Structures are given as structure tokens and as C-alpha cells.
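Novice: The structure that follows is given in the form of C-alpha cells.
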Amino acid sequence: MTQWIWMNGQTIPMDQARIGVEDRGFQFADGVYEVIRVYEGQPFALNAHLARLWNSAAGIRLNLTIAADELAAAIRKFIELGGVREGMIYLQATRGVAPRNHAIPEGVQPTLLFYSRPLEPMAAPGQVGVSLISVEDERWKRCWVKSIALLPNVLAKTAAIEAGADEAVFVDGGVMQSGVITECCASNFFAVMNGALVTHPVGARVLPGITRALLLDLARGQNIPVQERPLTLAQAKGADEVFISSTVREINFVHAWDGVRIADGRPGPVTLSLHRALHGRIREECPMG
Ligand SMILES: Cc1ncc(COP(=O)(O)O)c(C=O)c1O
């Protein structure tokens, strides 16, 4: 089956797509990206993802030359024509091709592309648990930009896999020093403590996750107190429940962390309740059919 890609306004077979050697995404990781979930053939939270894309682009002084509603329409058309039912859209915008020079060039057309990848339909809440390892947070201080410069995340995720874990959690200020938990290498981090949902504020150290924002909203709707504040590694490990969230994962409860069992290895009641509520939101926006 042909794998299609939308690139600078045209939908072409992926194996015919070409990017210039001097594309600044390739040479400088000078670009931003988004991952959008598709359920039942419909993109979920598309407007929120596009709003974040424009914020990320502004964060690196990248001027996207397409209008957001035009891009949204192109994504919807692509999903429909490609028959994507359950999957994700990977979207990337780079500054485009220019003779190599660190300084941002003037008048260069950005490279904008997206394509889809299939995913399994959503699993019932509480089915997927993950194990974490702690790694030093060595990233830059503009983590609110969803940058394609992901080497610290790549190294952290590889360290997690080599340690037999699923995901790495970033600790700012040192793992041995019980520094502050920021987020995970491709997901946001949450702890449930004394009935409250606790997560690090977004900004310099934490990506404003679309799933994170939805979960905070759903928690408030369930009268679960929300506390956006830093937690140290030692504090977080003592939480009643720990889970991570992302567009692709939705919610995964954490059953082990640095080789130690967490919360009896089972998903807790707040985690389950929020996951059910998230599925409710998804079904409202992307009904079965
Ligand atoms: C570093 C990081 N934090 C958080 C998230 C979760 O964000 P979202 O819920 O928008 O997918 C991601 C997703 O890829 C991520 O890379």
C-alpha cells in the first residue's frame, strides 16, 4: 500500500519525497513538530495542536506561511483520502533550505510536511502500565517549544530501554540529589498525593501537553484538586498514584520506577477515573461510526 505524505501543499508517495541537504531542519534541527491522534478517522484536539504549533514556531522565530484553517483542512482531507481510521499524524515544520549559516536567513520558505502512521485503537483504561527510570534533565530551557532537536530525549529513552524500562523521567538538579521531576522524555508526569493531582507547571522545563491540559480540565470537573507545582524525586516516589500522559499513550499508569514497585503495581482510582473521562471526551469529539 502506498504511504502518502503531504509536503509543501502537495500529496505525493513518501518514497518520492525529497528534502534538500541544506534544509535547516537537517543541519541545525531548526524546526518544530506536532503529533496528532486520529480516532475513528477524525483528528482529536486538532485546534489545540495547531495553536501549539504556532506557539512553538513563534518560539523559534519561524514564520509559518500557511493559515491555520488551511492546514487543518489539508490534514482532514489527507486523513479522509488516506483512509486513516486509527493512527497519528506526524507534522513537521522546518525553516527550509538556505546556504549553511547559523543566523536565521531572510525570505526562506519553510518546509512543512505531515504523514500518518497507524496505531492500535484505544485500550481500556488501566490496561497499560509502564516502568520509568530517572535521568538527569539536560535539555534547554524552552521546553514549551515542541522542537525537533530531541537528542537529550533520544539518549534518555535509549537509556530507559537499555535498563529494561519503558520511559525516562527527567530530573532537574540531579538524580542522586533528588532534584525536581519535570516531565518524561515524550510524555507529561503526574502524581496523585492525598487526593490531589500534582504536576510540574508548563514553561521553561515542561511542554504544555495537549493531553495534560485536557486531564487538568477533567480533574477540575471531577472536583479533584489540581496543584501545578514542582515535586522532588523523593516526594514523587512516595505518591499514592503515578501516571504519564501523551497524545499517543493517553494515560499509562506507572507500576515501577527505578526498579521499585509503585502503588502496588496497579492503576489507582484517580488515574482510572481520569482515563475514563478522557475517553468520554475523545468519543464526544470523534464518535464511533
Ligand atoms: C517532552 C514531552 N512532554 C509531553 C508530551 C505530551 O504532549 P501531548 O499530550 O501534547 O502529546 C510529549 C509528547 O510528545 C513530549 O514529547
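Novice: Based on Cβ point charges of +1 for Lys and Arg and -1 for Asp and Glu, what charge dipole magnitude is obtained for the chain about its Cα centre, in debye rounded to the nearest 20?
Specialist: Roughly 300 debye, rounded to the nearest 20.
Novice: In whole angstrom, and with the biggest value first, how far do the Cα coordinates of the chain range along each principal axis?
Specialist: Principal-axis extents of the chain (Cα, largest first): 53, 47, 33 Å.
Novice: Still on this model: Lys and Arg at +1, Asp and Glu at -1: add these up for the other residues within a Cβ distance under 15 Å of Gln222 and post the number.
Specialist: Cβ neighbours under 15 Å give a net charge of +1.
Novice: Enumerate lysine pairs in the chain that are 8 or more residues apart or on different chains, then count those whose Cα atoms are under 25 Å apart.
Specialist: Final tally of qualifying lysine pairs is 5.
Novice: If you don't mind, another one. Choose one answer from Trp257, Trp140, Trp54: the residue with the largest mean-square fluctuation in a GNM of the chain with alpha-carbon springs under 10 Å.
Specialist: Looking only at Trp257, Trp140, Trp54, the largest GNM fluctuation is found for Trp140.
Novice: Once both axes come from the Cα atoms, what is the angle between helix 46-59 and the longest principal axis of the chain, in degrees from 0 to 90, rounded to 10?
Specialist: Roughly 80 degrees between the two axes.
Novice: Just to be sure I understand: with springs between alpha-carbon atoms less than 10 Å apart, which residue in Gln16, Gln222, Gln92 has the highest mean-square fluctuation in the Gaussian network model of the chain?
Specialist: Gln16
Novice: Quick one: Cys185, Cys286, fewest Cβ neighbours within 10 Å first, how do they rank? Show your work: numbers first, answer last.
Specialist: Details: Cys185 22, Cys286 18.
Going from least to most buried by this count: Cys286, Cys185.
Novice: Compute the distance from the alpha-carbon center of the stretch 1-42 to that of the stretch 114-135, in whole Å.
Specialist: Going from one Cα centre to the other spans 22 Å.
Novice: Let me make sure I get this right: for the stretch 240-281, a, b and c are the square roots of the gyration tensor eigenvalues over alpha carbons, sorted descending. Under 1.5 in a/c it's rounded, otherwise prolate if a/b > b/c, else oblate. Which is it?
Specialist: oblate
Novice: Averaging over every viewing direction, what projected area does the convex hull of the Cα atoms of the stretch 1-96 cover, in nm²?
Specialist: Over every viewing direction, the Cα hull of the stretch 1-96 projects on average to 6.2 nm².
Novice: Taking the chain as the reference, fit the longest principal axis to its C-alpha atoms, fit the long axis of helix 151-162 to the helix C-alpha atoms, and give the angle between the two in degrees, 0 to 90, nearest 10.
Specialist: 50
Novice: Can you give the translational diffusion coefficient of the stretch 170-216 in µm²/s, computed by Stokes-Einstein from the Kirkwood radius over Cα pairs at 37 °C and 0.692 mPa s? List each step's numbers first, then the result.
Specialist: Numbers: Rh = 11.4 Å.
For the chosen part, D equals 288 µm²/s.
Novice: Report, to the nearest 10°, how far helix 210-221 tilts away from the longest principal axis of the Cα atoms in the chain, using its own Cα long axis and a range of 0 to 90°.
Specialist: The two axes meet at around 40 degrees.
Since every read-out is calculated from the coordinates, none of them should be taken as a lab result. Since this is a predicted model, take the numbers as computed values, not measurements. Positions of Cβ are backbone-derived with ideal geometry, glycine not excepted, and every protein chain shown enters the neighbour counts.
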